[in-house]
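The values are calculated or read from the model by the stated rules, or taken from the named source; none is laboratory data. These numbers come from a predicted model, not from an experiment. FYI the Cβ positions are ideal-geometry reconstructions off the backbone, even for glycines, and counts take in every protein chain you see.
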């Protein structure tokens, strides 16, 4: 006998705690299409998909691509919220398609999906990520130390380790940066993600490059551009308190204590 | 077509590729070609930890770690390689800490360690705390830290470049690497990278299964590129099924959950692992636990209306401990299952997780073209490679270790080789094969769909070559794969464009999966024994007389163009450990 396997479509009713079993529904996905090989204009296109509402928006995009229209283009990889490939604007909010379930989106109405804002759209939901990663590289996102390296590990207390724990969670998906109105208006602004990654090192007790990073972020395109609209915190699929991290960097710039 | 020239080319930017790049960039002009932005790589999905006998929290030493690795691999491990892995583990962890990795800390401020499956004190006496970790996102932190250090070292990346062919040139009767051919996703342009060294670090091939912890992008591209050029693939029948995937979805829930005290239970609430592994219990090796779960399910003690899963129970652990040590996986349960792990057990089932087999290499990362001959200039490291440190079953936390130890080794070796050698002349029309492949797919008017064939392949693999296998199920798989390969010739795509044509690339990836699935099933059919992750119900015992040897699978093409697989075998390197019966 072979390994028992399970087929999603055949499975019925479940006494499990958690989601009650729900019937398949037909949901409409209204996707902003753009392909410069075809037209220099973008346009909305509707797709109807039969889907279990407990499935992810990414599953719906796959159904469209695999069964209806192979030209639909988006990035994805891990499909469970850790690789950061599939940030997109879903019903007007930045989210990861693989971490958003259909049932949480009111599927009675068309679900709108478009590329994240503030970065050049290259095709459908794919944007040019290079400016985003350039801002990240500009804040020197690596441990800077002086003197000789110890033989064993550098010691760090659990409290010191905890100090920057929140900002180590960043997966560089750009959901925060591309939700920021300041970034939309001026792509020169470093943006929340780069500041989060600077924060991760500024507040690491082992790091000795804090002053350099603070000077970089003291720039006219640095932290002072932040208007604390909290869009970034709302958008972060990792639950990072992004706005708080930016405020902590601002405070460190004033007090020079970190 | 564009031609580039580099000393060293690295294919893939996960843990192994970036660890190699950090070394080779310091020593040689290096290009990293990666089909994903580096931080998207699946190293980032690894959770529980990285093993090293630091002995920060209790007595431990690398010799115990070596033994556990060999026993975990059911004695198919090359013991010289396992010894290097365990010995160099300590520096590998310390290197990462010095690069900035934020490990969890002990009260004394040292790197904290926790228990993990198959890792034991003094040759199996009791579980030992050997896994260095950063909450349950150790892989994420390794990937980020390595990328940060690549930024620091100025590593040159070619993002969203798919390597589709390995160029081999015969010189003085020896096959040598001349470079690779890549397809640029953004433009559809083909690039030839001429290089003195090539390192494959392109990861696994788990997407030929349906229920898998693997990313959509893990399609065995590196293995397939080498295999098609006549290089062997080693031990492909050995695939690891991780015991705790989220029911139906396959999303990984770390073994660290059981390391922190989590318990597997059947529908009667029984802690069933006590029956199967009296000493290590829930922390027995993964192959043992996955078989135990399916035995419970098959004997009618599975949970749910279909009886098709068991529970991972964390409800007895304090919520503070779950929040501090297992924040990500508890969130996965909430997001994807609507379950609160503080109060409810999590439905799980084994999920296809890791390829123990791959491109054969020696301990320097040099690729072999047969049992002993090195291909000059060609290297491989990480899941794409088979050193073999994992043998028939990898221990948890040894893969994050593998990518660091052998990534570093191959990065150094490849750069040093590049220094002492000259470029090899490219073959005539180096991109011819890739151009033909792309044009065929783009222009095909066939009636088959990529998604249909892929799903049939995945369902066939899940049903026939998963945790339990028999002659009959494997033969069913071999026949089905042959049928799918035939149908694949008639596949067509809808997107005929050049920019970001992921429709085209999915078709290419499916071709890789089909080739590798065929190698896997064929290798499994010939191995008439049970060892580690390869369990044959018709041959339930390990057979050291006939099968204490590595499988080497070669693609053969007859004069009339028909393809076949030739199987050969390679001896296992044994140093100090004699095979024993494996009990946990």
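Values computed for the structure shown
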read-out	value
Single unsatisfied condition, residue A:82 versus (1) modelled with pLDDT of 95 or more; (2) at the interface with chain B (Cβ under 7 Å from one of its Cβ atoms); (3) out of contact with any strand residue (DSSP E or B) (no Cβ under 7 Å at 6 or more places or on another chain); (4) closer than 18 Å to residue B:451 by Cα	(4)
Residue count for the range B:489-504, restricted to those that are touching a strand residue (DSSP E or B) at 6+ places or on another chain (Cβ under 8 Å), in a loop (DSSP other than H, G, I, E, B) and on the phi < 0 side of the Ramachandran plot	3
Among the candidates A:59, A:46, A:124, residue that is within 13 Å of chain B (Cβ to nearest Cβ), modelled with pLDDT of 95 or more, more than 14 Å from the chain's Cα centre (by Cα) and more than 17 Å from residue B:335 (Cβ to Cβ)	A:124
Residue A:51 closer than 27 Å to residue B:353 by Cα, away from chain B (no Cβ under 14 Å) and surrounded by 14 or more Cβ atoms within 10 Å (Cβ to Cβ)	yes
Count of the range B:294-327 residues which are crowded, with 21+ Cβ neighbours inside 10 Å and facing another protein chain (nearest Cβ under 10 Å)	6
Selected residue [at pLDDT 95 or above and assigned to a loop (DSSP other than H, G, I, E, B)] from B:342, B:379	B:342
Single unsatisfied condition, residue B:517 versus (1) under 30 Å from residue B:289 (Cα atoms); (2) within 14 Å of chain A (Cβ to nearest Cβ); (3) in contact with a helix residue (DSSP H, G or I) (Cβ under 7 Å, 6 or more places away or on another chain)	(2)
Among (1) over 21 Å from residue B:337 (Cα atoms); (2) assigned to a strand (DSSP E or B); (3) within 14 Å of chain A (Cβ to nearest Cβ), the one test that residue B:177 misses	(3)
In the range B:24-50, the residues that are at the interface with another protein chain (Cβ under 10 Å from one of its Cβ atoms) and either farther than 27 Å from residue B:253 by Cβ or not in a helix (DSSP H, G or I) (or both)	B:35, B:36, B:37, B:41, B:46, B:47
The lone exception for residue B:115 - which of (1) under 28 Å from residue B:20 (Cβ atoms); (2) under 23 Å from the mean Cα position of the chain (by Cα) it fails	(1)
Test: residue in the range B:462-471 that is closer than 30 Å to residue A:36 by Cα, within 14 Å of another protein chain (Cβ to nearest Cβ) and modelled with pLDDT of 95 or more	no
Condition check for residue A:221: in contact with a strand residue (DSSP E or B) (Cβ under 9 Å, 6 or more places away or on another chain) and surrounded by fewer than 20 Cβ atoms within 10 Å (Cβ to Cβ)	no
Some residue of the range A:188-202 being without any contact (Cβ under 8 Å) to a residue 12 or more places away in the chain and either more than 15 Å from the chain's Cα centre (by Cα) or at positive phi (or both)	no
Residue in the range B:384-399 that is over 14 Å from the mean Cα position of the chain (by Cα), surrounded by 24 or more Cβ atoms within 10 Å (Cβ to Cβ) and assigned to a strand (DSSP E or B) present	no
Selection count where residues are buried (at least 24 other Cβ atoms within 10 Å of the Cβ) and within 20 Å of residue B:86 (Cα to Cα), scope the range B:356-383	9
Unmet criterion (only one of (1) touching a strand residue (DSSP E or B) at 6+ places or on another chain (Cβ under 8 Å); (2) surrounded by 16 or more Cβ atoms within 10 Å (Cβ to Cβ); (3) away from chain A (no Cβ under 13 Å)) for residue B:528	(2)
Those helices (runs of 4 or more DSSP H) lying entirely in the range A:146-253 with at least 2 residues within 11 Å of chain B (Cβ to nearest Cβ)	A:158-163, A:192-202
Residues (at the interface with chain B (Cβ under 9 Å from one of its Cβ atoms) and part of a helix (DSSP H, G or I)) located in the range A:85-102	A:99
Filter pass, residue A:138 being within 13 Å of chain B (Cβ to nearest Cβ), touching a residue at least 40 places away in the same chain (Cβ under 8 Å) and over 30 Å from residue B:145 (Cβ atoms)	no
Condition broken by residue B:49, with the remaining ones in (1) surrounded by fewer than 24 Cβ atoms within 10 Å (Cβ to Cβ); (2) within 21 Å of the chain's Cα centre (by Cα); (3) closer than 15 Å to residue B:135 by Cα satisfied	(1)
Residue B:370 vs. criteria out of contact with any helix residue (DSSP H, G or I) (no Cβ under 6 Å at 6 or more places or on another chain) and within 28 Å of residue B:310 (Cα to Cα)	no
Residue match in the range B:131-142 (condition: away from chain A (no Cβ under 14 Å), farther than 30 Å from residue B:549 by Cα and in contact (Cβ under 8 Å) with a residue 40 or more places away in the chain)	no
Residue check, residue B:483 free of Cβ contacts under 8 Å to residues at least 12 places away in the same chain, more than 9 Å from every other protein chain (Cβ to nearest Cβ) and in a helix (DSSP H, G or I)	yes
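The rows are residues; the columns are (1) buried (at least 24 other Cβ atoms within 10 Å of the Cβ); (2) farther than 25 Å from residue B:165 by Cα.
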site: B:205; (1), (2): yes, no
site: B:208; (1), (2): yes, no
site: B:213; (1), (2): yes, yes
site: B:223; (1), (2): yes, no
site: B:230; (1), (2): no, no
site: B:233; (1), (2): yes, no
site: B:237; (1), (2): yes, no
site: B:241; (1), (2): yes, yes
site: B:244; (1), (2): yes, yes
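Conditions (1) part of a strand (DSSP E or B); (2) farther than 26 Å from residue A:98 by Cβ, marked per residue:
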position: B:290; (1), (2): no, no
position: B:311; (1), (2): yes, no
position: B:315; (1), (2): no, yes
position: B:347; (1), (2): yes, no
